[in-house]
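A quick write-up on the structure given underneath.
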Amino acid sequence: NAGVMQNPRHLVRRRGQEARLRCSPMKGHSHVYWYRQLPEEGLKFMVYLQKENIIDESGMPKERFSAEFPKEGPSILRIQQVVRGDSAAYFCASSPAQSYNEQFFGPGTRLTVL
Amino acid sequence: QKEVEQDPGPLSVPEGAIVSLNCTYSNSAFQYFMWYRQYSRKGPELLMYTYSSGNKEDGRFTAQVDKSSKYISLFIRDSQPSDSATYLCAIPRTSYGGSQGNLIFGKGTKLSVKP
């Protein structure tokens, strides 16, 4: 009965490198959500995806950030040319179809940008 | 005014106390309300999920919604040291053209239950 899986759990990048964060939803869940938690701040919504479809990306920064949820494989959050301000915990959540409000979270990926 | 506001605490109580955690929100169109618990360096865990006004009970936890005051509460009875965590209220953003999957979180209240 695996929950939402995220990897890596910890990721260290130097400024200017790319970061790729992966999320495998719970079995039977077809909706994936990404959130960012900055130090001393609450969780902030970034993007909501279904298979091969971005539903809501209103929380995504306009530049350097992208997300996908392919037909096969995990969802990927990609951050290009990382900067120190990108250091945060990134959480993925999933939900079954038609139950968007009951989101189950993964353990998070803690990104540190040196 | 922020969409969802929550006192960050910290809140420290003795074991066995009744704990009251609260959030206020600004948009009267919000209908669904959730409480999450987050242990240090872990992902949030869904505790309670309520719709509209009223109370919902689950074991030692009671969620209460007062839509007239735009006020939501989580009560923990007989609190235990294992309840020590950060508690986050969350509301789906539904009134600005956003999807129901877009959750707005409070900043969280850090609770410590002392043995």
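The values are calculated or read from the model by the stated rules, or taken from the named source; none is laboratory data. The shown structure was predicted, so the numbers you read here are calculated from the model rather than taken from an experiment. Positions of Cβ are backbone-derived with ideal geometry, glycine not excepted, and every protein chain shown enters the neighbour counts. These area figures cover heavy atoms from the full protein model, side chains too; ligands, DNA and RNA do not enter into them. Shrake-Rupley method; radii C 1.70, N 1.55, O 1.52, S 1.80 Å.
In this structure A:Glu52 has an accessible area near 130 Å², from a 1.4 Å probe over the protein heavy atoms.
Legend: residue pairs B:Lys42/B:Lys114; A:Lys71/B:Lys107; B:Lys56/B:Lys114, Cα-Cα distance threshold 29 Å; pairs beyond threshold, A:Lys71/B:Lys107. Taken as Cα centroids, the range B:45-115 and the range A:93-114 sit 17 Å apart, rounded to the nearest whole angstrom. In this view, the solvent-accessible surface of A:Thr112, computed with a 1.4 Å probe and all protein chains in place, comes to about 60 Å². In the context of the full protein assembly, B:Tyr49 retains an accessible surface of approximately 50 Å², using a probe radius of 1.4 Å and ignoring ligands and nucleic acids. For the segment B:38-47, counting C-beta atoms of other chains within 10 Å of every residue's C-beta and taking the mean gives 5. Here the label points at B:Asp58 and B:Ile18, each 7 Å from Cα along the C-beta direction, are separated by 2.1 nm in the simple model. At q = 0.13, 0.15, 0.17 Å⁻¹ the log10 of I(q)/I(0) for the protein assembly as shown amounts to -0.77, -1.01, -1.25, computed by Debye summation with a single uniform scatterer per C-alpha, solvent ignored.
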